[in-house]
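For reference, the structure is listed below as structure tokens.
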Amino acid sequence: MNGSKRRMILAAAALAAIASGAWASGGQDGAATGAETKRPTITVANYQMEPTPEDAELLKLYGDKLSADYKVININHDKYHELLNVKLASGEIPDLIYLRQADTLGTYVKQGVVAKLTEDMIKQNAPDLYKMLSSYAPGFLEMGKINGVQYGIPAVSPTNIFHIPLVYRADWMRKVGVTKVPETLAEFESLMYKFAKEDPDGNGKNDTYGLSRDGFFAVFGAFGVVPFHEKTDYWMKQGDKVINHTASSNARQALELIAKWYKDGVIDPEFVTGENQGGYWAISHALINGRIGFTSRANYYHWAMPGVYQDVDAAGNRAPNQPGAVAKELIALNPKAELALGQALKGPSGVAGIMEFNRLMNFYVVGKLAEQDPAKLAKVLQTLNLSANPDYLTRTSVKYGQEGKYWKLVDPASETMNMIPPYDKDQSYWSRIGGVLAMSGTPFPPKAAREQWAYSLKYDQGGVKSVIQVGLPTAMKYKAELMKIRDEAYISIITGAKPVSYFDEFLQKYMAAGGAEAEKEATEFIKAQM
Amino acid sequence: MTIARNINRREREFGEHAFTAINYSLMAVLSFFTLYPFLFLFTSSFSGLDASLGGFSLWPRAFTLDNYVRVAANPLVASGYWNTILRTVLGTALSLIATFTLAYPLSKKSFPLRNFWTALVVFTMFFSGGLIPTYLLVKNLRLVDTVWSLVLPELVSAYNLIIVRNYMQTIPASLEESARIDGANDIVILFRIILPVCKPIIATIALWVAVWHWNAWFDCMIYVNKAGGEVMQLVMRRIVMLGSTDQITQMMAEQDIATPEGLKAATILVATIPILCAYPFVQKYFVKGVMVGSLKG
């Protein structure tokens, strides 16, 4: 079919023969099948690290389990939404669609590409999923509703129950004579001044600072807010209103303190461009290069130094843990560096707090075309249900393939798995074998040794969360402009270009530029939920 | 008199030397700026330690070939290379044929409605169908997931076409007339008379088209979705971009990985060096081709 057309167009091209031979091997025979049996063909667009071939082994496994044929619509993750939009505009609507940004649910619903669901449908066809969400992430299913109709199925992070870490250079602390890791903002302040003034790296030069942009999270957190996140808005209830943390008086108090520290030379003047200079997102280059002594960047597990907890190795024996991704860089750069992970700081109100990443990661939705075919829609939900199986072995094998072939369960009690070589070095193999059909973001309580360590640090306590984790339409509309106004004002106040009293002027500007409208929308959204 | 002349000459010589010295040193600085990114990649690609671990260095830190071994072991690299070579060879060959056979009649003053056809071509330089309509067209022609989706949409570039047409217009008409007297027809004239004269411009256009094909990835990302269909640039992008997204788009801890800088550098070099090697061989035609082909209406 394809061949004859090609030959017509390009009979003259000598290379045509080689080319069509090489490229036709993939062939699209999917169109011919499907009519003969009642097996529906379910098309899936999900996060993947490399394209999934049509004959991937997990596609068959799912097909046998649920008697359906699966076809993965390979979409490059890097430009996921752009490419998805092209497909949707051309009428190709996958039956199961992963929305990489939770914010976009409303947009896709408005475009009419998302099928309506009901709670009963989910209960019936995806009982494990329903049970998992109601027991481990209550309230998150509600976030997938728009105007009272269920559209999205939330993917909830299992590890974001832990707040972001407070990472100190322990060797610097010893150098400046501080033994106790700060618990209050006052103790923190005194340590930061010492980091900046008392030459903690011992090179005789005044070239160190206390903290930089990510460290602000700890300060703002002590005041109970997350007003200065690069991309995400945090919302809080205040009286009968819901307000953005950015516009709170708590943020103002914290800014006043940070501005004072800046004036005293405690803040890295390069905070404006951030602590990460490209490459792996979690690295704080400012910290690993010894400019600053404290950061709150990334997650606890990135900063795990070797031996802070006992892990299970490939043979099933207890062994000191391997260093986390950023800790590894730090050690390679400076073998003498030591880290201490501290608690969230107690602020003036006496309550400790620091930002917790949103637990809502993204949504899965069913494509509009499946809405007319209840049997197919049911199968799409059953597909997701497999990933929420209460049995660890089952739910892991629908994503990572057969146990014993690709991975090994080394410790059932802590649900610790180890990859079998060569898959330990081949992080994207699960995409190749069809693990793309599985859902990511299943909030089963983490049991592994690393997470036990996080519990022991009490990182599940004191997280400052947002009362709204989805992008509401008005907030989305003004977001870019509002963040620009915020950054300009916050940076000017911190660097002293504007006095702290400028905050009032900023608030007026912020509210007029859409902040007031977004606030009203947020308030109504929360009221409607209650 | 002679003394004055000697001084003059000496001054002139000094001026020339000074100019040459400044010229060369400027060129050296410029060349260094151009070469440095490559040099940096080159040293990082042989470095065992992560290259984020320290700034400038001309020598690899902890020399290793490990990065290249890992690039070679990646199955995506082999298929990516094959796809890139295929699209480059096929695309360049077809583009040259289409461009030259279209430029030739348009270069003839006697060609009916010449200005109309030229205007049609020029129109595409300023207006395009846009992403989604183009995707629909390619999809409905059933080109999706084939190499043709990478070759046909960009088969003839209007810009290249006009350059070739202008070049052909500079060829004296007497050359063709003499061939016609000898009994040659249009096809023979095109292939036996015109094309040999056009060598410089052929080399130039071939290089442009080949480099474009070698570097192109966006079309492949849109049109080719099957496994093993990615071109080298996309594979490279995947490897280099891994881990640069942050927590918002990261979903789970197990995807918490990043490509080491050395491996990135090795991948980039593997993807870039082959096309870089094409330049010196076409250099001699290149300058001539670009000069002569400039737009003359």
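Using 7 Å Cα-to-Cβ label points, what is the B:Phe38/B:Leu120 separation (nm, one decimal)?
Output for this residue pair reads 4.3 nm.
Evaluate the Kirkwood expression for the hydrodynamic radius of region A:266-422, namely the inverse of the mean inverse distance over all pairs of different C-alpha atoms, and round to one decimal in Å. Walk me through the numbers before you get to the answer.
Working: mean 1/r = 0.0501 Å⁻¹.
After inverting the mean inverse Cα-Cα distance, the result is 20.0 Å.
Would you calculate the separation in nanometres between label points at B:Ala73 and A:Gln529, each defined as 7 Å from the Cα along the Cα-to-beta-carbon direction?
If labels sit at B:Ala73 and A:Gln529, their model points lie 4.7 nm apart.
Can you list the trypsin sites (Lys or Arg not before Pro) in region A:219-284 that are in a DSSP coil and have 14 or fewer other beta carbons within 10 angstrom? Please list the in-between numbers first.
Working: sites: A:Lys231, A:Lys237, A:Lys241, A:Arg252, A:Lys260, A:Lys263; in loops: A:Lys231.
Here the trypsin sites (Lys or Arg not before Pro) that fit, given the DSSP loop and packing criteria, are A:Lys231.
If each DSSP helix of 4+ residues adds -39,500 (n - 2.57) and the sum is divided by the residues in chain A, what number results at 222 nm, nearest 500 deg cm²/dmol? It would help to have the intermediate numbers written out before the result.
Working: 20 runs with 195 residues, N = 530.
Roughly -10500 deg cm²/dmol at 222 nm, from the helical runs in chain A.
How big is the charge dipole of region A:101-144 about its Cα centre, in debye rounded to the nearest 20, if each Lys and Arg gets +1 on its Cβ and each Asp and Glu gets -1 on its Cβ? All intermediate terms of the calculation are to be shown ahead of the outcome.
Details: 4 positive and 5 negative charges, 19 e Å.
Dipole of region A:101-144, to the nearest 20 debye: 100 debye.
Express in nm, to one decimal, how much length is gained between A:Gln310 and A:Lys520 on full extension, taking 0.36 nm for each residue of separation and deducting their alpha carbon distance.
On the way: separation 210, 0.36 × 210 = 75.60 nm, distance 4.92 nm.
70.7 nm is the gain from fully extending A:Gln310 to A:Lys520.
In square nanometres, what is the average projected area of the Cα convex hull of region A:101-157?
Details: hull surface 15.9 nm².
Its Cα hull, projected and averaged over all orientations, spans 4.0 nm².
Under the rule of at least 5 residues apart or a separate chain, name every residue whose amide H is placed under 5 Å from the amide H of A:Thr41.
Those qualifying (amide H under 5 Å, at least 5 residues apart or on another chain) are A:Asp69.
So, how do all the Cα-to-Cα distances of chain A break down into 20 Å bins, in percent, from 0 on up?
19, 48, 28, 5, 0
Which residues' amide hydrogens lie under 5 Å from the amide hydrogen of A:Leu166, considering only partners 5 or more residues apart or on another chain, with H built in the peptide plane?
A:Gly342
At 0.36 nm per residue, and after removing the present C-alpha to C-alpha distance, how many nm does the segment from A:Ala413 to A:Lys71 gain when stretched out fully?
Values: separation 342, 0.36 × 342 = 123.12 nm, distance 3.54 nm.
Full extension from A:Ala413 to A:Lys71 adds 119.6 nm.
Anyone know which of B:Arg87, B:Arg237, B:Arg180 comes out most mobile in the 10 Å Cα GNM of chain B?
B:Arg180
Could you work out which residue, out of B:Ile187, B:Ile239, B:Ile22, moves most in a Gaussian network model of chain B, that is, has the largest mean-square fluctuation with Cα springs under 10 Å?
Comparing B:Ile187, B:Ile239, B:Ile22 in a Gaussian network model of chain B, the most mobile one is B:Ile22.
Taking H as built 1.01 Å from N, whose amide H comes closer than 5 Å to the amide H of A:Leu339, not counting residues under 5 places away?
Distant-sequence amide H within range of A:Leu339: A:Ala170.
Subtracting the Cα-Cα distance from 0.36 nm times the residue separation, let me have the gained length for B:Met241 to B:Ala179 in nm, one decimal.
That pair, B:Met241 and B:Ala179, stretches by 16.6 nm at full extension.
GNM, chain B, Cα, under 10 Å: largest mean-square fluctuation among B:Ala216, B:Ala173, B:Ala278?
Top of the fluctuation ranking is B:Ala173.
At A:Thr41 and B:Leu131, where each label point lies 7 Å from the Cα along Cα→Cβ, what is the point-to-point distance in nanometres?
That separation, rounded to one decimal, is 2.6 nm.
Per residue and in cubic angstrom, what volume does the convex hull of the Cα atoms of region A:166-355 have?
Values: hull volume 26.6 nm³, N = 190.
Given the Cα convex hull of region A:166-355, per-residue volume reads 140 Å³.
Calculate how many DSSP beta bridges within chain A are antiparallel, expressed in % of all such bridges and rounded to the nearest 5. Working shown, then result.
On the way: 30 of 42 bridges.
Percentage antiparallel, nearest 5: 70.
Rule-based calculations on the coordinates, nothing more; no lab input. Predicted model only: the values in this text are computed from it and were never measured. Cβ: placed from backbone, ideal geometry, glycine included. Neighbour counts: every protein chain shown.
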